[in-house]
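Worksheet: one structure, shown below.
The values are calculated or read from the model by the stated rules, or taken from the named source; none is laboratory data. Owing to the predicted nature of the structure, the values given are computational and were not obtained by experimental measurement. Note that we place each Cβ from the backbone using ideal geometry, even for glycine, and neighbour counts take in every protein chain shown. The accessibility values were calculated without ligands, DNA or RNA, using every heavy atom of the protein model including side chains. Shrake-Rupley method; radii C 1.70, N 1.55, O 1.52, S 1.80 Å.
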Amino acid sequence: MNRAAVVLYGYSPEEFRRMTILDIRPEEDRPKVAASAWAPRGAFKHSGPWRHLTKDGRLLEVEIDSHLIEWEGRPAVLVLVQDVTERNRIARENARYREGLEKLLVVSRQLMGETTDCDRLQAELVKTVRQIVPSAEAVLLWMRRGDRFVLAQKDGGPETLKPGFSLPVTADLMARLETADTLDPVEAAALQARTVPALRDLKAALVAPIRTDHTLEGVICADSFTRTDAFAPYERALLQSLAALASVTLQNARLFTQLRGLSRQLLIAHEEERRRIARELHDEVGALLTSAQLCLGMAQAEVSEAQQTLAQNLQEARALIDRLSQEIRQLTLQLRPPLLDELGW
């Protein structure tokens, strides 16, 4: 062994000389190692990945190049070990990050199609956190309601902490997020524990603020009760991306709700105006036409037989007024169908 092996594994040269290749392998890997050692091979062999154990019990992921050589007159094997633990960890995290981004893309399309239901949006957000931050043991979604933050949705965590639980806007965690977008997981856990007694055993937390128009509207929390190092950096990045998506979708949902309310108000105002016009046509214009009809009838009664032309003109005038009255009644019904009143409009 060289000095690098002593540093990497933690064994002294004397300890190494008393060991076999199985002593640095996990118990479950040893049959595979033994079979590989006795398998036919050439002068050079590349193998891996394998798992090695250090003296303090850490697992290393390694790749091995071995060469058949002669050492002090005896056949031997020169083994070159490359520690690829960190490289593989980064590769796995990158793969999970890409997978998380793909899930976010799918979710973003789904959420954009659910702009009418804020409760459904919030439930989908919590469900998505479970998918993109698998290390989380609990997911909490806090939403602002006036001068309070209310637990809107949760998945996991203490049973005593139920949706509807509220905190003042001045609570430690919320106040801290007014000035910072990211918090250290241990700090975030401590702030939650101080703010919510039910979370006193929290060890680590990823928190991401939901902002609209620079105002803190909510907070997504992914919590771990067992490990202070539970979360990877890529999980924080994914949660922040989800929070940004939540900001847009929740604002769209709110604007859609406002637009629907304004549309209803406009419809009501429109119907009120139609009702007013229909009432004026029926009551005022109808009354005037009836009066005109009566006046023409009385004038026609006073016409002598010698005034045939005048009598004919009066009769035609009365006929026109009858026709006009019928047209106004029809227009009134079109403006205000009786069915609307029966339906309560």
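Just a few scattered comments:
- Check on Arg89, open to solvent by less than 90 Å² (accessible area, probe 1.4 Å) and within 30 Å of Leu238 (Cα to Cα): yes
- From the options Asp155, Asp172, residue that is over 11 Å from the mean Cα position of the chain (by Cα), over 21 Å from Val107 (Cα atoms) and among the charged types (D, E, K, R): Asp172
- Residue within the stretch 44-51 that is at pLDDT 90 or above and surrounded by 13 or more Cβ atoms within 10 Å (Cβ to Cβ) present: yes
- The stretch 24-40, residues that are touching a residue at least 12 places away in the same chain (Cβ under 8 Å) and either under 24 Å from Pro75 (Cα atoms) or open to solvent by 40 Å² or more (accessible area, probe 1.4 Å) (or both): Ile24, Arg25, Val33, Ala34, Ala37
- Residues being aliphatic (A, V, I, L, M) and more than 24 Å from Val150 (Cα to Cα) are represented in the stretch 231-251 by at least one member.
- Matching option when the condition is open to solvent by less than 70 Å² (accessible area, probe 1.4 Å), among the aliphatic types (A, V, I, L, M) and modelled with pLDDT of 80 or more, among Ala319, Ala278: Ala319
- Residue in the stretch 7-20 that is in contact with a helix residue (DSSP H, G or I) (Cβ under 8 Å, 6 or more places away or on another chain) and of a type in the set (A, V, I, L, M) present: no
- Check on Ala180, at pLDDT below 80, open to solvent by less than 30 Å² (accessible area, probe 1.4 Å), over 26 Å from Arg144 (Cα atoms) and among the aliphatic types (A, V, I, L, M): no
- Looking only at residues of the stretch 117-152 that are among the hydrophobic types (A, V, I, L, M, F, W, C), assigned to a helix (DSSP H, G or I) and out of contact with any helix residue (DSSP H, G or I) (no Cβ under 7 Å at 6 or more places or on another chain), we find that the one that is most open to solvent (accessible area, probe 1.4 Å) is Ala123.
- Qualifying position, being surrounded by 20 or more Cβ atoms within 10 Å (Cβ to Cβ), of a type in the set (Gly, Ala, Ser) and farther than 26 Å from Val196 by Cα, among Ala243, Ala222, Ala269, Ala253: Ala253
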